[in-house]
1. Give me the aspartates and glutamates in straight-line cross-link reach of residue B:55: C-alpha distance below 17 Å, same-chain residues under 8 apart excluded.
2. Counting Lys and Arg as +1 and Asp and Glu as -1, each charge on the Cβ, what is the dipole of region A:99-222 about the Cα centre in debye, to the nearest 20?
3. Starting from the Cα of residue A:30, step 7 Å along the direction of its Cβ; do the same at residue B:101; then give the gap between the two resulting points in nm.
4. Would you work out which of A:139, A:189, A:209 lies farthest towards the positive end of the dipole of region A:126-292, given +1 charges on the beta-carbon of Lys and Arg and -1 on that of Asp and Glu, about the Cα centre?
5. Report the gain in length on full extension from residue B:89 to residue B:77: 0.36 nm times residue separation, minus Cα-Cα distance, nm rounded to one decimal.
6. Pop the C-beta distance of residue B:53 and residue A:218 into the FRET formula with R0 = 25 Å and round what comes out to the nearest 0.05.
7. Order A:42, B:102 by their accessible area, 1.4 angstrom probe, all chains in place, largest first.
8. Pairs to check: A:77/A:101; A:143/A:286; A:40/A:114; A:194/A:264. Give those whose C-alpha atoms are more than 18 Å from each other in this structure.
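The values are calculated or read from the model by the stated rules, or taken from the named source; none is laboratory data. The shown structure was predicted, so the numbers you read here are calculated from the model rather than taken from an experiment. Ideal geometry is used to build each Cβ from the backbone, glycine not excepted, and the neighbour counts take in all protein chains shown. Just the protein is used for accessible areas: all its heavy atoms, side chains included, with ligands, DNA and RNA removed. Shrake-Rupley method; radii C 1.70, N 1.55, O 1.52, S 1.80 Å.
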Amino acid sequence: MGSRKIFGVCLVFACIIAACKHGSRRYQLRGQVLDKNLAKNEITVDHESIPGFMPAMTMPYKVKDPAVVQEVEPGDKIAAEVVVAEGGNDNWLENIRITAKSGRNTTKVPAPPKALAVGERVPNISLINQDGKTIHLDGFKGKALLLTFIYTRCPMPNFCPRLSSQFAKIHEDLAKTPGTYAKTHLLTVSFDPKYDTAPVLRRYGLAYLNNDASGFAQWDFASAAPADLRKLADAFGLVYFEQDNQIAHSMDIVLISPQEKIVKYWATEWTTAELEDALRTEATAKSTRQMARAGGMK
Amino acid sequence: MRRVHLCFLWWWLALIAALLDIWPACSDQHASQRGHELFQQNCAMCHEASNLDLKKQPPKLEGLFQRKALPSGAPATDAQVRKTIINGIGTMPSFQGRLSDEDVNNLVEYLHQLN
């Protein structure tokens, strides 16, 4: 009797808990293991896009079962479930299955990207802008270019919406000095090409351009094919990670000279004024070659 | 033996009664509780904050449905707010793919109670 009573009470509570508890969410992941960290119980996976969760990218994941971290090896192809805890504050991999071990030892696991150094030339990477037109990263010769990375669904006010708001302020200020304005260009690149199609980018851009489409002449909103985005991320050493059920990325702003060389990176702290000053300075500075020539003619 | 059986039956009846009693309150509370959580995670950082470094300050959402219209001038209806959350509006991001239909319904439910 006593044990039945306890059983009954437990059952009632179990049912209440089951009725009130909202389940965690699960997403299917497929990809290749690039690295593992036994101490942190993590594996880094280069994964395909996870519908409803995030685009294809490489990032570290916590693993529920430490034994699995022992078992998998870099190069392995895996299928797994990403479990996002209720509330979205935590996530991890469960039910990891190794689907192919053939990559072990034979697959050269790529080293983490090394960003282009200051002074290096930007690569030719094709992007697709808000009009569906192909533009090239090295197509802004003669203009100082300020480049940043976003995705339009990014909800964190201190991340993408802030970057775009700051770019909007810079754009408005530049427009007041037409001489300098003409020698500058802004470029906002989304790394969520599946959602951020040309029409979505156009709508996003217009919201930051006071609905004036003529602003696109000086400010492109672009995305690219996944392979090109990967090249872009590698070129600028972007690190993607994931936080609170959102795509997060190392924030980066890159200033590129009219000679198409990297001038400066900002990754943690900056002000709108600082960015604008640097862009103006670069746009109006005589190129070193011009200066050398001028010096030589004396 | 018989007494034990009766006790067993009693416990099952108690269990069913308890569940029937608790269930509706529990699921109602669940919807707005869930809506509150979703709001804190997805909306509060913009709509409850001030002095954000943003082009447009997000409007306060208290009493949203008591107003004649939404801040944008669109009708203050559930359908319109649902659409706003899914598609975004102006500089507000879209939540497509991140919130389920059920999430959006829970959020709308919660916004009705936000006064």
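1. In chain and number order, the partners are A:172, A:173, A:212, A:276.
2. Dipole of region A:99-222, to the nearest 20 debye: 500 debye.
3. 2.7 nm
4. The residue sitting most towards the positive pole is A:139.
5. Working: separation 12, 0.36 × 12 = 4.32 nm, distance 1.52 nm.
Full extension of this stretch gives 2.8 nm more.
6. Details: r = 22 Å, r/R0 = 0.87.
Step by step, r from the Cβ atoms, then E = 0.70.
7. On the way: A:42 40, B:102 90 Å².
Reading off the accessible areas and sorting them downward yields B:102, A:42.
8. Details: A:77/A:101 7 Å; A:143/A:286 12 Å; A:40/A:114 23 Å; A:194/A:264 30 Å.
Pairs exceeding 18 Å: A:40/A:114; A:194/A:264.
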